[in-house]
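See below for the structure under consideration.
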Amino acid sequence: MKLKRFLLRYYPPGIILEYEKNGALKTKSIDMLDLSPETDTEELISQIRTSEPLITESRINQVKLLILRLQEKLSQQDNRRFYLFKMLRAHLLPLTNVAFNKSGSRFITGSYDRTCKVWDTSSGEELHSLDGHRNVVYALSFNNPYGDKIATGSFDKTCKLWSAETGKCFHTFRGHTAEIVCLAFNPQSTLVATGSMDTTAKLWDVMSGEEVATLTGHLAEIISLSFNTVGDQLVTGSFDHTVSLWDVSSGSRVHTLVGHSGEISSVQFNWDCSLIITGSMDKRCKVWEAVSGKCLATLADQKDEVLDVCFDYTGQFIATASADGTAWVYSAASYQSIARLEGHQGEISKICFNSQGSRILTASVDQTARLWDVQSGVCLQVLEGHTDEIFTSIFNYEGDTIITASKDNTCRIWR
């Protein structure tokens, strides 16, 4: 094995090693999920040297400089206020979803008007309209970190794969017998997973457009799915009150996570693939161990249905959003609550962290999105102006731009 070069990853903190093995170029990552500005760099380098044979004596100084750069980035204060930059009358009918590419230079919107549109973030200009679906475009995603492809899932029972550069349709994935409501690319961008109201999930080959596997076993609609960061496992959440963990290479079910007493609303892996969180209409969020399928904790502070759950990038925090109008932040290590986020006047449909893990963004039916401090739970800013409920709000990777999308047929860019 021969080390070719280092790549720096700011969120979550890490160094990617590009190396050559048997003539092939490969990558592996050194994750530093616990890195802070106070971390002893000498001690960390010593640990890295022990565990990573590619880091030889001659590379120590390079690694030290990279760690210092990561620490410098982590120590930057985040006191940003967001201002309305552009309001886009994006679609003729209400929007369904929005997503950024990795760099944040572009974002996509889906709509009941059967289209997906590609937008330039810095100008607010429409770059492409992806036309071809015969019903609502509900689920959508870029193949991040590459960002050269877009997948759209529709109520017309198909998923389409598009070029992000030209807007051309590469493939139409046909096989589901009911609406597609969730989808995801695997991290390698070789597969797309789709979840449907027909109770199945399917895996599709990005290059050939062929179906690779059908994941059967749920007894009701699959409403949420998520690959782990390695891409070897997929988790699906269903209205049958259960969550399934699947082995991607074989398409077989590894575990069925049983314990919720209501429909599952949201599922997600943490960064190091060790934990899964699930939100449910039973007012609970549960934390599961991926290896054993065992339930480790039940987070039961919400007074109404849990509509969304998420980890921060490093996997240190868990956030839950509820129909009771509140959100909660928990420690992923101790499962203790850190903060209660109060202020919305209606249910919170979406919640997410910024990449730095210092801010939380919530979207609500009260026509506002709110920005919160993770540690204190203080509301730092209310993003107002929409004239109907906001069903989703997202940060870009750098955390310096927000998109909010509403039933008022508009989306707004805040920066």
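The values are calculated or read from the model by the stated rules, or taken from the named source; none is laboratory data. Note that the coordinates shown come from a computational prediction; the quantities given were computed from them, not determined experimentally. Positions of Cβ are generated from backbone atoms using ideal geometry, with glycine treated the same way; all protein chains shown enter the neighbour counts. What goes into the accessible areas is simple: the full protein's heavy atoms, side chains included, and nothing from ligands, DNA or RNA. Shrake-Rupley method; radii C 1.70, N 1.55, O 1.52, S 1.80 Å.
A few points about this structure:
- Residue match in the range 201-217 (condition: in contact with a Cys (Cβ under 7 Å, 6 or more places away or on another chain), in a strand (DSSP E or B) and closer than 23 Å to Lys286 by Cα): no
- Qualifying positions in the range 328-345 - at negative phi and open to solvent by less than 50 Å² (accessible area, probe 1.4 Å): Trp328, Val329, Tyr330, Ser331, Ala332, Ala339, Leu341, His344
- Among residues of the range 91-120 that are closer than 17 Å to Ala164 by Cα, those with a beta-carbon under 8 Å from a residue that is open to solvent by 30 Å² or more (accessible area, probe 1.4 Å) and of a type in the set (Gly, Ala, Ser) at least six positions away or on a different chain give the pairs Ser105/Ser122; Thr115/Ser129; Cys116/Ser129; Lys117/Ser129; Val118/Ser129; Asp120/Ser105.
- Of note, Ser123 does not satisfy the criterion of being within 19 Å of the chain's Cα centre (by Cα), closer than 25 Å to His386 by Cβ, surrounded by fewer than 21 Cβ atoms within 10 Å (Cβ to Cβ) and without any contact (Cβ under 8 Å) to a residue 60 or more places away in the chain.
- Once the range 281-301 is narrowed to residues that are part of a loop (DSSP other than H, G, I, E, B) and of a type in the set (D, E, K, R), the residue that is most open to solvent (accessible area, probe 1.4 Å) is Lys294.
- The residue pairs whose first member lies in the range 388-399 and is hydrophobic (A, V, I, L, M, F, W, C), whose second member is open to solvent by 30 Å² or more (accessible area, probe 1.4 Å), and whose beta carbons are closer than 7 Å, counting only pairs six or more residues apart or on different chains, are Ile390/Gln367; Phe391/Lys350; Phe391/Lys407.
- Residue within the range 100-116 that is part of a helix (DSSP H, G or I) and crowded, with 19+ Cβ neighbours inside 10 Å present: no
- Of the residues making up the range 291-301, those that are in contact (Cβ under 8 Å) with a residue 24 or more places away in the chain and either in contact with a Phe, Trp or Tyr (Cβ under 7 Å, 6 or more places away or on another chain) or among the basic types (Lys, Arg) (or both) are Cys295, Leu296, Ala297, Leu299, Asp301.
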